[in-house]
1. Only one of (1) at pLDDT 95 or above; (2) within 30 Å of residue 270 (Cβ to Cβ); (3) of a type in the set (S, T, N, Q); (4) within 22 Å of the chain's Cα centre (by Cα) is not met by residue 125, so which one is it?
2. Starting from the stretch 202-216, take each residue that is at positive phi and list its partners that are at pLDDT 95 or above and of a type outside the set (Phe, Trp, Tyr), counting only C-beta distances under 7 angstrom and pairs at least six apart or across chains.
3. Regarding the stretch 124-132, can at least one residue be identified that is in the same structural domain as residue 216 (by TED's automatic domain parsing), surrounded by 16 or more Cβ atoms within 10 Å (Cβ to Cβ), over 30 Å from residue 4 (Cβ atoms) and of a type in the set (D, E, K, R)?
4. Of the residues 97, 89, 101, 139, which single one is buried (at least 18 other Cβ atoms within 10 Å of the Cβ) and of a type outside the set (Ser, Thr, Tyr)?
5. Being of a type in the set (A, V, I, L, M) and in contact (Cβ under 8 Å) with a residue 40 or more places away in the chain is the filter; apply it to the stretch 237-247 and report the residue that is surrounded by the fewest Cβ atoms within 10 Å (Cβ to Cβ).
6. Quick check on the stretch 184-236: of everything there that is in a helix (DSSP H, G or I) and in contact with a Cys (Cβ under 9 Å, 6 or more places away or on another chain), which residue is surrounded by the most Cβ atoms within 10 Å (Cβ to Cβ)?
7. What pairs can you find where one residue is in the stretch 9-31 and surrounded by fewer than 22 Cβ atoms within 10 Å (Cβ to Cβ) and aliphatic (A, V, I, L, M), the other is in a loop (DSSP other than H, G, I, E, B) and modelled with pLDDT under 95, and their Cβ atoms are less than 7 Å apart, with a gap of 6+ or different chains?
8. Would the stretch 37-49 turn up any residue that is within 17 Å of the chain's Cα centre (by Cα), in a helix (DSSP H, G or I) and either of a type in the set (Phe, Trp, Tyr) or outside the structural domain of residue 152 (by TED's automatic domain parsing) (or both)?
Amino acid sequence: MNIIAEKNGIIIEGIKHFNLVHTFECGQCFRWEREQDGSYTGVVGEKVINIRQVEPKTFEIHNITVQQWQETWLRYFDIERDYDAIKNALSSDPTLANAVAFGWGIRILQQDLWECIISFIISSNNIIPRIKKIIGDIAKEYGNKLIYNGKVYYSFPKAKDLYGKTVEDLSFCKSGYRCKYILDAAKAVCQNDVDISVLPSLSTQEARAQLMKIKGIGPKVADCILLFALQKHDVFPADVWIKRVVEKWYLGKESSLNQIKHFSDTHYGDLAGFAQQYLFYYAREHKIKE
């Protein structure tokens, strides 16, 4: 990998297995927006960057330094992981091989834990455009203002910024019953009922149990948080698309979530999360039916 510093950013050459459309539009994140030129602008923490795929392995990133890339974004984009080995292992399954080939450029982002918790609470029984709007509205109301390229963006508020707020205070975001879950999460974190700082050091089962102490976090939402913020790659979040795929292509019958989990544990093991992302993206884009 070669990094070239420029006046307003950097150019990175030699990154394999990374496609912006696949990564930003596979359902794992909600703060990246596609621009007219095909680039993406996103807010991560207190930073706004724009990234454009110039060639299959070359990326132009604005509003970033080489040091910031090495300290933050290298990890965020999961660049140092060996996706060659992951894809080779998963592709021994002919069905999954097709999904891997289709979504070849998916990388599992290493997202902020608190923002991920709230984002996937909001995602429950919701659609992506509405999820994005709700998150954006909450950020605009309680986050910090960020200016990039003459446009205003907002960071996502911390738990302390939402702690003590009421359902009425959040009514502007039109998140319905989820508002009380957002506030319960802020309360649980601020009162240390759930210490999210220790979650990375816990086993998958222990971290899942802690997350599910927060109202509004069931098994599927917990598994999304475990995968996208805590890098617990042995989880297999099962939504309607995954259920369809597993039932249609593997188990051949209607199956419970426990049966699907058993399947993923035995079939994919520690790579279940990667398999889930390839299968989810493939099933959704091809509109797989029962």
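1. It fails just one condition, (1).
2. 216/121; 216/178; 216/184
3. Checking the stretch 124-132: at least one residue is in the same structural domain as residue 216 (by TED's automatic domain parsing), surrounded by 16 or more Cβ atoms within 10 Å (Cβ to Cβ), over 30 Å from residue 4 (Cβ atoms) and of a type in the set (D, E, K, R).
4. The conditions single out 139.
5. 242
6. That would be 225.
7. Listed pairs, sorted by first residue: 15/1.
8. Scanning the stretch 37-49 turns up no residue that is within 17 Å of the chain's Cα centre (by Cα), in a helix (DSSP H, G or I) and either of a type in the set (Phe, Trp, Tyr) or outside the structural domain of residue 152 (by TED's automatic domain parsing) (or both).
The values are calculated or read from the model by the stated rules, or taken from the named source; none is laboratory data. Remember, predicted model here, so these are calculated numbers, not experimental data. Please note: Cβ atoms are built from the backbone with ideal geometry, for glycine as well, and neighbour counts cover all protein chains shown.
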